[in-house]
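The values are calculated or read from the model by the stated rules, or taken from the named source; none is laboratory data. Nothing here was measured: the structure is a model prediction, and the numbers come from that model. As a convention, Cβ positions derive from the backbone with ideal geometry for all residues, glycine included, and neighbour counts pool all protein chains shown.
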Amino acid sequence: MAIENIREELLEFIKKERSLDETSKHFEISPNELMGLIKQLTDEGFMISTVIKDNDVQIMNKGTTDFTADNHYTIETDSNGFKVLVISDTSLGSKYQQLSFLNEVYRKAYEEGVRNVIVCGDLSAGLISPKSIYYNSLFKYDTQSQAEYIINNFPRLEGMKTYFITGEKDHTHDLKSSESIGKMISDKRKDMIYLGPNHCTIDLIHRDPENAKILEQAKILVRHPKGKIAYTLSYKPQQYISSIRSEDKVDMILHGHYLQCEKMHFRGVDEISVPGMTATTPKMKDDGINNTMGAWILDIEMKKNGIEKVIPTFIPCYQTIKNDYLYAKPLSTIEKVPHVATDTEKYINRIYRFIRNGVTLDEFVKNMGISYNEANGLVETMKLYGKPIELVMNDNNQLVFKKKKVRKTPQYLARDKDGLIETNLCIISDTHLGTKEQQLSLINEVYKEADRRGIDTILHIGDVLDGDYTQVRKEQTYQLFLRGFDEQVGYVIDMYPHIDGIKTYFIQGSHDETHLKNGGATAGEWIDRCRDDMFYLGQDKATFKINNLKILMDHPGGGNAKSYSYKPQQAIEGLNPGEKPNILLQGHYHKSYYMFYRNVHSLLVPCLVNQSQFMKKMNLQNVVGCYFLKIYSDEKGNIHYFEPEEHLFSSKDIIENDYQKCKKLDVKKPKKDTK
């Protein structure tokens, strides 16, 4: 047998580990000729392992995908900004895919000026064994059909580039066919750039156009990890970041696979978990996986080395479309090569046009001159070709044909920002005024920034004061510069920032409550009475409503959890049915974290005070900063876009002995002429 004629058969034969002797006899060539051919195939990119076992050479074809490769890709930008749409887990080829939502997200991002997309793996639904109970959850069952479906149906917009890695579902194709589905897609779609399997580090670089010198740069790691999904959303991302050596750290990590939405700044890294783009599958239900759907738009501003600022926008999907795979049409502004229908497809189209709603199966069989079995087979074939048709029982107990109507895109997907209500808020917490560690200067900076942005509503999530714990924490006596109710409340009334037009709504936390416990006086009520710009809403919890948005302000008790998401997840799951807010804001923990969980947007709000001696003793991280929220919602309060912008301060921003130096911020503005 000629060597050039056995390539394909050899690659298939050695997908199972074979001995060199067995293989050479099978193909009737010498062992040396066989090893020479293996060398040629290896040079072409096939990963063929050759090892000695039991005094014999064993060979095995592992395909063309190197799953352990350290992948790198460089994107050159024309400024220090990079705006990108980030999605993951589209699972195209599954009956549970949501191509309509994927198209809408692409369209919205495109209209926002986004021209780059990153996909964090699992574009395809992958291969499922015919023996599996989940086999029928696919409508494209093999590698070729799934690849072709993605090539023909993935959104294609003029000037838009899609960068993608592959995940474990995609790799079922690689392992089965020894060919990378990522390469198959990128070879046919020049707007889709394959970055490799599992992970890739993207180097964002902005150069001086005159001398090509690098002005700003940042590193983004795109990952699609493996393994089971943890209950606690932040656990695995935090665990991974903690495992990274300093020299391997990147500026941002984008995680697919987890089917969850969160954003945090942890150990100097911006971490974002990217939810999926597919409805909950039977396997997800059986595995008890909480499936979140949505997409991120990230507006990244780079500095000389790293990321200066990220403005994230989350676009949630609250409701999926049943059988969307039957109705969704490709989104494309680029002229495609005309589709050439096969004879079978032409026949199916002709039969589908011939069938009328209400025609009985008996009539159809008689008119067509076919058997009932053939008629049922035709219906199933029409479904495979995307024809929305089925057989149903009528009132006379007869099977009749029913063509389903092609649904229009649901209204909740079609809303654009221009038709929505914009709400802007500043969120702060844990100012702890009265302690020597207070940072009134930073509080003033936050209020000035809020005013600069045109924000007139600030929510304070508790612990306005440091309170009086001296009976149980003797050391607090020496950490306070204001002692007792009169001094601390009087200081807030006199020194808390005031800017005409800005109103502060606040709740009390555990530190504020010490004055009630020690002397029966509620600090919040007295501050409210004496300051016409500050409004006390309650102890520990309160609901604030604005533009039909229901915002739960919560200052819980208890200690910090190691995983950021654990406490807010508990809080959301502890709410009674019908009580869920649109937004949950939690103070107390001095952390910064956002997640979208069970249709609730939840934030851990950072503090505006330096780390206390107590927190140092307990090895508790102290995150200083605030959030600026921009929310786009409809008349019913449904949130279509949620922008949780962190505004964090570093250790360099902390002012030592600020309590001795800071002056009051009091901004008076001229009254507008109402004539």
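Taking each residue of the range 569-591 that is assigned to a helix (DSSP H, G or I) and looking for partners that are basic (Lys, Arg) with beta-carbon atoms closer than 6 Å, six or more apart or interchain, yields ILE572/ARG598.
Listed conditions (1) aromatic (Phe, Trp, Tyr); (2) under 18 Å from VAL222 (Cβ atoms); (3) modelled with pLDDT of 95 or more are all met by PHE67, apart from (3). Among residues belonging to the range 584-621 that are more than 18 Å from the chain's Cα centre (by Cα) and small (Gly, Ala, Ser), point out the one that is surrounded by the most Cβ atoms within 10 Å (Cβ to Cβ). The residue in question is GLY587. Within the set ALA109, ALA69, ALA125, the sole residue that is outside the structural domain of LYS285 (by TED's automatic domain parsing) and either among the aliphatic types (A, V, I, L, M) or crowded, with 21+ Cβ neighbours inside 10 Å (or both) turns out to be ALA69. Would it be correct to say that PRO338 is modelled with pLDDT of 90 or more, surrounded by fewer than 14 Cβ atoms within 10 Å (Cβ to Cβ) and not in a helix (DSSP H, G or I)? When the stated conditions are applied, PRO338 does not pass them. If I filter the range 346-366 for residues that are outside the structural domain of ARG107 (by TED's automatic domain parsing), within 26 Å of SER94 (Cβ to Cβ) and hydroxyl-bearing (Ser, Thr, Tyr), do I get at least one hit? Taking every residue of the range 346-366 in turn, at least one turns out to be outside the structural domain of ARG107 (by TED's automatic domain parsing), within 26 Å of SER94 (Cβ to Cβ) and hydroxyl-bearing (Ser, Thr, Tyr). Note on the range 150-167: residues that are surrounded by fewer than 20 Cβ atoms within 10 Å (Cβ to Cβ) and in a helix (DSSP H, G or I) total 2. On inspection, THR360 qualifies as modelled with pLDDT of 90 or more and surrounded by 14 or more Cβ atoms within 10 Å (Cβ to Cβ).
One line per residue, one yes/no per condition, for (1) in contact with a His (Cβ under 8 Å, 6 or more places away or on another chain); (2) in a helix (DSSP H, G or I); (3) not aromatic (Phe, Trp, Tyr):
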site	(1), (2), (3)
TYR469	yes, no, no
PHE485	yes, yes, no
ASP494	no, yes, yes
GLY501	no, no, yes
GLY524	no, yes, yes
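Could you tell me which residue of the range 437-461 is farthest from GLY490 (Cα to Cα), considering only residues that are in a loop (DSSP other than H, G, I, E, B) and in contact with an Asp or Glu (Cβ under 9 Å, 6 or more places away or on another chain)? If we take residues in the range 437-461 being in a loop (DSSP other than H, G, I, E, B) and in contact with an Asp or Glu (Cβ under 9 Å, 6 or more places away or on another chain), then ILE455 is farthest from GLY490 (Cα to Cα).
When each of VAL605, VAL609, VAL600 is tested for being more than 20 Å from THR313 (Cβ to Cβ), in contact (Cβ under 8 Å) with a residue 12 or more places away in the chain and in contact with a strand residue (DSSP E or B) (Cβ under 6 Å, 6 or more places away or on another chain), the lone residue that passes is VAL609. Does VAL623 fit the bill of being of a type outside the set (Ser, Thr, Tyr) and within 15 Å of LYS591 (Cα to Cα)? Taking the combined requirement at face value, the residue satisfies it.
Within the range 565-583, not a single residue is within 24 Å of GLU437 (Cβ to Cβ), surrounded by 15 or more Cβ atoms within 10 Å (Cβ to Cβ) and touching a helix residue (DSSP H, G or I) at 6+ places or on another chain (Cβ under 9 Å). When only residues in the range 622-648 that are touching a helix residue (DSSP H, G or I) at 6+ places or on another chain (Cβ under 6 Å) and in a strand (DSSP E or B) count, which is surrounded by the fewest Cβ atoms within 10 Å (Cβ to Cβ)? Checking each candidate, the answer is TYR632.
Selection of the range 168-212 for residues being over 24 Å from the mean Cα position of the chain (by Cα) and either part of a helix (DSSP H, G or I) or not assigned by TED's automatic domain parsing to the domain that holds HIS255 (or both) yields HIS173, ASP174, LEU175, LYS176, SER177, LYS183, MET184, ASP187, LYS188. The number of residues in the range 44-103 being part of a strand (DSSP E or B) and of a type outside the set (Lys, Arg) comes to 26. Checked against (1) surrounded by fewer than 20 Cβ atoms within 10 Å (Cβ to Cβ); (2) on the phi < 0 side of the Ramachandran plot; (3) of a type outside the set (Ser, Thr, Tyr), GLY484 passes all but a single condition, namely (2). Just to be sure, is MET160 farther than 24 Å from LYS303 by Cα, at pLDDT 95 or above and in contact with an Asp or Glu (Cβ under 9 Å, 6 or more places away or on another chain)? Yes: the conditions hold for MET160.
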